[in-house]
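So the structure is just underneath, and the comments pick up after that.
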Amino acid sequence: MIQQNARRVVSWSCVVLSALVAPIAAAGEILAPISQRFASQGGDETPSFQKHVVPLLGRLGCNGRACHGSFQGKGGFRLSLFGYDFKADFLALTDEENARIDLDSPLDSLIIHKPTSEDEHDGGKRYDVGSWNYHVIHRWIKDGAPFERQLEKLVELRVEPTEVRFDRQGQIIQVRAIAVWESGIEEDVTPLCRFSTNDSEVATVDKDGRVVSGVAGDTHIVAAYDKAVVAVPTICPVTDKAGDRYPKIVTKTVVDRLVVEKLRKLGLLPSEICTDEEFLRRVSLDLTGTLPKPKDVREFLLDTRNDKRAQKIEQLLNSPAYAAWWTTKLCDFTGNNSDQTQNATYPRTASPQYWYDWIYRRVEENVAYDELVAGIVLGKSRNEGESYTQYCESMGDIYSANDGATFADRETMPFYWARRDFRQAPERAISFAHSFLGVRIQCAQCHKHPFDQWSKNDFDEFSKFFGGVTASNRSAPDANKEYQAIMAKVDTDGLRGGQLRRKYEQLMKEGGVVPFPEVYVNHRPRPDTDDKSKKKRPVRNAGAKSASLLGREATDLSRIVDPRQPVMDWLRDADNPYFSKAFVNRLWAAYFGVGIVDPPDDMSLANPPSNRALLEHLATGFIEHEFDMKWVHREILNSETYQRSWRPNDTNLHDRRNFSRALPRRLPAEVVYDAIHQATGSDEYVNRWRVEVGDRAIAIAGSGTRMRGNASYALSVFGRNTRESSCDCDRSETPNLLQTIYLQNDEDVIKLIDRRGDGWLSQVAKQLGVIQKKKIPANIITQFERLDTSIKRIAKNGSKEQRRKLTARRKSLVKRYGDPNDVLEVEVNEKVDLRKIIEDAYLRTVSRTPQKSEMDRSLQYINEGDDKVESFRGLVWALINTKEFVVNH
């Protein structure tokens, strides 16, 4: 049947194309819209299947996912989703067994008869008899249903105006879409476009391209035609201060200038600069995931230098916490998942930590971002020139930490390619696009991307670059002899699974060498066949002959050793439209709670930047500064845009996408967890905490849905990134009830507040001159009360044996927790400045001094309590449970 259809396509094409009449336009002239050219039955123009028929079916919704574009089709008739496959659609329409067109009697064609009937078509009436839609389809069938075997390239879809500007609600503006073809023909294709809006509250658009303004604000109107997707900025000023009436605002940086230029169009005035206290807390949490110490806050407030904020940024950029927190962010982007990297090395759980350590070293040393990425993209187990045996010896040294060996010393980081859910080329293409391009390409795996230019063929071509890498549980084939030699020296005695892994670990502890899993390149270049005298022989595992990068021509892979190398070269290319933009946009999103492109991992044509000039400035500067990550941090953090207050003015209360003020953001899960530890720890503990970051939540290497450890529940409640899919949405910063319950009642939080030795309350008790009793948990107090009640009851009418057992049980509790009935005689130091301790409580939690009313209430609460340590316990608990504590503002 396929061959018959193919012959039929060729037959029709050859016969009809010779008589096909195309529209003619003079040089520089734009063809009138097809709705005008086919308003009546007259004329001799034949519609183009590519340019007119398929786009019309898309506009009518015929190839949508709810109709014939679904994978199952409808009524035995299936079209390619959004019309990405012209040949398949033509074959579907002309299938001899289920044809939708009738060349002998065009008006009896199902594609005309059913869509014009309300009753017979399940999708309802799509167009009227006698309409221009009707005439286009009828004329195409009448003229023999021609099919263009050679598709013409659409050079540009030009939408006019390039920016839609309204000045009042309810205003209507018509947009016009012009297709520019490779042949030079320009045609008004407005009636054939699919129009949509990115925010229907700000503006709506109908099927004919008429845009109607709604509430004040900005959005984009999106036009889609053929492979092109064009987003048009659409603005309705928020106030009467827009344009020429906008007040003069002095801008100190390029970032500020570009932001204010956009605010001027909207009439939005930026908020004032935030206070020093707000800035220090904000930048410390954003840059290092760490609260500032009370001492740091006091010193910063007393600092009179004009550049003290810039100096603080530099100080934080050189701190261990910066390296730890931004390593965690890069592990989020690259998918360091504990569940998926088990068995990638020995011990089986070491891969996430090795992954983290490798990135941490490079963030700490501020290695250029492209170099860091190259170490991942081109990752393989063996260093250059290293034998398999040497590799195994090196990994053994790392396991045993011989001579300070660490995985961070390795040239590349191969575990990115060793994930269990990341073994096939399509999966790798999807994850790669997410990690390093900020692109959600997965839609194109099955059909034309609805919001971007990528077709299924584009996806398939891109995937070919990633099929030449293998993650094996043994050596690469070229090292088989070495592998066998190592195995011969290892007495495994038939051990398998966990027993074998434990055997290997024991041997490494004893200084032995064991065979390690290996990630290697299995793409073999094809031999030079220019010599005609040599017989051509097939090359086993030769891999793809060629592949195409996104938006690029085909790359010859026949003589390339590692097919990932052209990909890395493309990432470094200054003309790459994604690599640098994806990184700077993610940094911006981390600092503002919303990306310039938002969501930050959805850089598509239909989701354009809210401030294109700003994104271009950051991306271009990143490249010009040789991918210096710290340059991006400085460029953003030193701007007044970042340092603006969260408090709105009369114009910007509802602004969430143009950066006229700071948006309060709930702290990330790891930062919340660490903040609780820091707020409840002694000064000595906090000093150590800021330097020794290895035990902190911001430095937990792996993630996943099956995490274990003391912090796992809290991190799950607060939405830590699970790194289980190719989406930044794996991290959640949405508030929920469980978070409130955790902060108020969870045993972990109560224990941290009550801890002895390195706890803040112990420090307060010493200041007050109080010998602090060991705090007895509430559930243990309940056990004491029940036991005391039972002992009294049994003393009257119970057996001596029962009383003995209950008394013994009580004594064991007393030995472990102390007796709640004991009264501790203490002498409180009345000379202690309670105000200073209260101030310290505020500084260590919300990073500011208390207001007068807060100080007065706190003093009253402390003085009214019989136990001042207990009163301070209540104060710090209350502060931890304020919104201010869990929000970065």
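The values are calculated or read from the model by the stated rules, or taken from the named source; none is laboratory data. This one's a predicted model, so the numbers in the text were calculated from it and none came from an experiment. Neighbour counts are summed over all protein chains in view; Cβ atoms, including those assigned to glycine, are modelled from backbone coordinates with ideal geometry. The protein model used for the area step is the full one, side chains on, heavy atoms only, and it has no ligands, DNA or RNA in it. Shrake-Rupley method; radii C 1.70, N 1.55, O 1.52, S 1.80 Å.
Values as computed for the structure displayed
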quantity: Förster radius 22 Å - calculated FRET efficiency between K153 and A554, Cβ distance, rounded to 0.05; calculated: 0.90
quantity: Ordering of 120-128, 280-288 by burial proxy (mean other Cβ atoms within 10 Å per residue, highest first); calculated: 280-288, 120-128
quantity: Charge sum, other residues only, whose C-beta stays under 12 Å from S726's C-beta, Lys/Arg counted +1 and Asp/Glu -1; calculated: -4
quantity: Computed lengthening from Q174 to V887, 0.36 nm per intervening residue step minus Cα-Cα distance; calculated: 252.3 nm
quantity: Accessible surface ranking that places the most exposed of T162, T555, T345 first, with a 1.4 angstrom probe; calculated: T162, T555, T345
quantity: Using alpha-carbon coordinates, inclination of helix 834-845 to the longest axis of the chain, degrees; calculated: 30 degrees
quantity: Rounded to 10°, Cα long-axis angle of helix 132-142 versus longest principal axis of the chain; calculated: 60 degrees
quantity: Approximate shape of region 154-243 as ellipsoid semi-axes (Cα gyration tensor, √5λ), whole Å, largest first; calculated: 26, 12, 10
quantity: Cα-based equivalent ellipsoid, the chain: semi-axes from gyration tensor eigenvalues, Å; calculated: 60, 39, 28
quantity: Candidate lysines - alpha carbon under 29 Å from K805, same-chain residues fewer than 8 apart omitted; calculated: K773, K774, K775, K792, K796, K815
quantity: Estimated inter-spin distance, V250 and I30, nm [label 7 Å along Cα→Cβ]; calculated: 4.5 nm
quantity: Per-bin percent of Cα-Cα distances, region 337-580 [5 Å]; calculated: 1, 6, 12, 16, 17, 15, 12, 9, 6, 4, 2, 0
quantity: Straight-distance crosslink candidates among aspartates and glutamates, where the alpha carbon sits under 17 Å from K265 and sequence neighbours closer than 8 are dropped; calculated: E163, D167, D218, D240, D244, D256, D650, D655
quantity: Charge sum, other residues only, whose C-beta stays under 15 Å from K312's C-beta, Lys/Arg counted +1 and Asp/Glu -1; calculated: +2
quantity: Pairwise FRET efficiency - S200 versus K852, Cβ, R0 = 41 Å, nearest 0.05; calculated: 0.30
quantity: Accessible surface of the chain, 1.4 Å probe, proportion on carbon and sulfur as whole %; calculated: 48 percent
quantity: Equivalent ellipsoid, region 572-621 (semi-axes from 5 times Cα gyration tensor eigenvalues, Å); calculated: 16, 12, 10
quantity: Ranking by accessible area, most exposed first, for D730, D357 with a 1.4 Å probe; calculated: D357, D730
quantity: Entries of K51/K448; K312/K883; K252/K308; K329/K581; K312/K836; K380/K509 with Cα pairs more than 19 Å apart; calculated: K312/K883; K312/K836; K380/K509
quantity: Accessible area (Å², 1.4 Å probe, nearest 10) - T327; calculated: 0 Å²
quantity: Calculated P(r) of region 780-821 - Cα pairs past 15 Å, %; calculated: 36 percent
quantity: Reachable aspartates and glutamates from K811, criterion Cα separation under 17 angstrom, eight or more residues apart if same chain; calculated: E785, D788, E801, D819, D822
quantity: Cut-off 10 Å between beta-carbons: net charge of the residues surrounding G438, Lys and Arg +1, Asp and Glu -1; calculated: 0
quantity: Degrees between helix 388-400 axis and first principal axis of the chain (Cα, 0 to 90, nearest 10); calculated: 30 degrees
quantity: Per residue accessible area in Å² of the chain, where ligands, DNA and RNA are left out and the probe is 1.4 Å; calculated: 47 Å²
quantity: Simple Cβ-charge dipole of region 337-580, Lys/Arg +1 and Asp/Glu -1, about Cα centre, in debye nearest 20; calculated: 1240 debye
quantity: Neighbour cut-off at most 16 other Cβ (10 Å), DSSP loop, trypsin sites (Lys or Arg not before Pro), region 311-418; calculated: R348
